1. Among (1) free of Cβ contacts under 8 Å to residues at least 24 places away in the same chain; (2) open to solvent by 40 Å² or more (accessible area, probe 1.4 Å); (3) under 21 Å from residue 213 (Cβ atoms), which single condition is residue 183 missing?
2. Among the residues of segment 274-317, what is the count of those that are under 18 Å from residue 377 (Cα atoms) and open to solvent by 40 Å² or more (accessible area, probe 1.4 Å)?
3. Quick one: which residue in 271, 240, 252, 232 is open to solvent by less than 20 Å² (accessible area, probe 1.4 Å) and not aliphatic (A, V, I, L, M)?
4. Suppose we keep only residues that are over 29 Å from the mean Cα position of the chain (by Cα), assigned to a helix (DSSP H, G or I) and not basic (Lys, Arg) within segment 362-374. Which one would you say is surrounded by the most Cβ atoms within 10 Å (Cβ to Cβ)?
5. Can we say residue 322 is of a type in the set (A, V, I, L, M, F, W, C), open to solvent by 10 Å² or more (accessible area, probe 1.4 Å) and touching a Gly at 6+ places or on another chain (Cβ under 8 Å)?
6. Return the residues of segment 108-147 that are touching a Ser or Thr at 6+ places or on another chain (Cβ under 8 Å) and aromatic (Phe, Trp, Tyr); say none if nothing qualifies.
7. Search segment 137-160 for residues being open to solvent by 20 Å² or more (accessible area, probe 1.4 Å) and hydroxyl-bearing (Ser, Thr, Tyr), and hand back the single one that is nearest to residue 283 (Cα to Cα).
8. Here is a check on your reading of the model: is residue 137 under 22 Å from residue 305 (Cβ atoms), among the aromatic types (Phe, Trp, Tyr) and touching a residue at least 12 places away in the same chain (Cβ under 8 Å)?
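The values are calculated or read from the model by the stated rules, or taken from the named source; none is laboratory data. As the structure is a computational prediction, the values presented were derived from the model and not from experiment. Cβ: placed from backbone, ideal geometry, glycine included. Neighbour counts: every protein chain shown. Ligands, DNA and RNA are stripped out before the accessible areas are found, and what is left, the full protein with its side chains, is counted by its heavy atoms. Shrake-Rupley method; radii C 1.70, N 1.55, O 1.52, S 1.80 Å.
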Amino acid sequence: MYKRAVYQTIKSRLEEDRRFIQVVMGARQIGKSTVVKQVLSELTIPYQLYSADNVPATNSAWISNCWQAVRSLKAVNQWQCVVLVIDEIQKIANWSEAVKKEWDDDTFHDRNIKVLLLGSSRVLLERGLSESLAGRFEEIRMSHWSYQEMKECFGFTLDQYIYYGGYPGAAPFISDSDRFEQYIQSSIIDATINKDILMDTPISKPALLRQTFELGAAYSGNILSLNKMLGSLQDAGNTSTLAGYINLLNESGLLTGLQKYSVDMSRRRASIPKFQVYNNALKMVYTPLTFERAIVDRKAWGHIFESAVGAYLVSQSFIHRFELFYWRDRNDEVDYILRKKGALIAIEVKSNAEKKSGGLEKFKELYNPKFAFIVGDGGISAEEFFTMDLTRLFI
């Protein structure tokens, strides 16, 4: 079975001395549970795996019961160390308080029980961690599959990756567009909105939330003002409501609205957002173009390519914790600006020779980025870019 690079990270963390709770987090359907099971199958340390998938949300005692069972097994078998793994933990109400209580009790009594938590809802996990477990956990962030991973595991071509994105569960369906779209819609979009957002967050206009996602995904890679969005949406709302919904969609790993780069933070927050999906499959379910038609439509493919570059960047920004913006000054524009610890990287996407790149030169004059380059025609090839280790740009 194919092993992602994060496999080694999880394995090495569990083999270290007990220091922190390890939390695997990321969007839905990217293989978090699969890679954890791969690690456990080859771990020399005994482990116990529990899933809260079918446990009533109100049964917070379930977590303590799991802990007591592991403590009993450790004592009976005289294990020096044991790993406790709880999957779908976000489904239990007040889970973070229960975990804090049991973890602190183990720490006080010097019990060598290592803990790994994971779940399908990134937003609910992050909320619980920030509420109760500060200073007690480490995150292991997982992203959507990269081009290299989809190529090695499923034989994807570069064009297929650009169009279909990086969801491993959808890979077998790319030859059947109806099945592919149904999988993305039901297993990812509907599951994330209905289970991760609507079940735990008071939303006054659920239909507007869904419409916001659909419109933002369709316009992925484009700058679109919230006022213009309101004119296209059927349900009534206002710009602050839309901004709040976009923030929820971003926390859930579906869609983000990139801010315009500016030294002035207030200007960034007031800027018109550039919409960007986390995975290009989320955009393509809303296009009327099939893969075969899109690839020969030069203009349409340019928009798809730019969105794919942005999807890769926004997913990498989640893992490697860099900020992502766009930049525009009148007619000058740079598609993506990366920032980490004061270092700036400017990236312009060119799918054809007609697109001007004067904005890159203007940005270099104004902000002196560490690197400024073109991806596509006249610059770094798409193949090279999608296999690039972006962290090395900041070294």
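1. (2)
2. Final tally of qualifying residues: 6.
3. 252
4. If we filter segment 362-374 for residues that are over 29 Å from the mean Cα position of the chain (by Cα), which is where we start, we get 362, 364-366, 368.
Checking the rest, the ones that are also assigned to a helix (DSSP H, G or I) come to 362, 364-366.
Within this subset, residues satisfying the condition of being not basic (Lys, Arg) are 365-366.
Values: 365: 8, 366: 12.
Residue satisfying both the conditions and the ranking: 366.
5. When the stated conditions are applied, residue 322 does not pass them.
6. The answer is 147, and nothing else.
7. The extreme case among them is 146.
8. In short, no.
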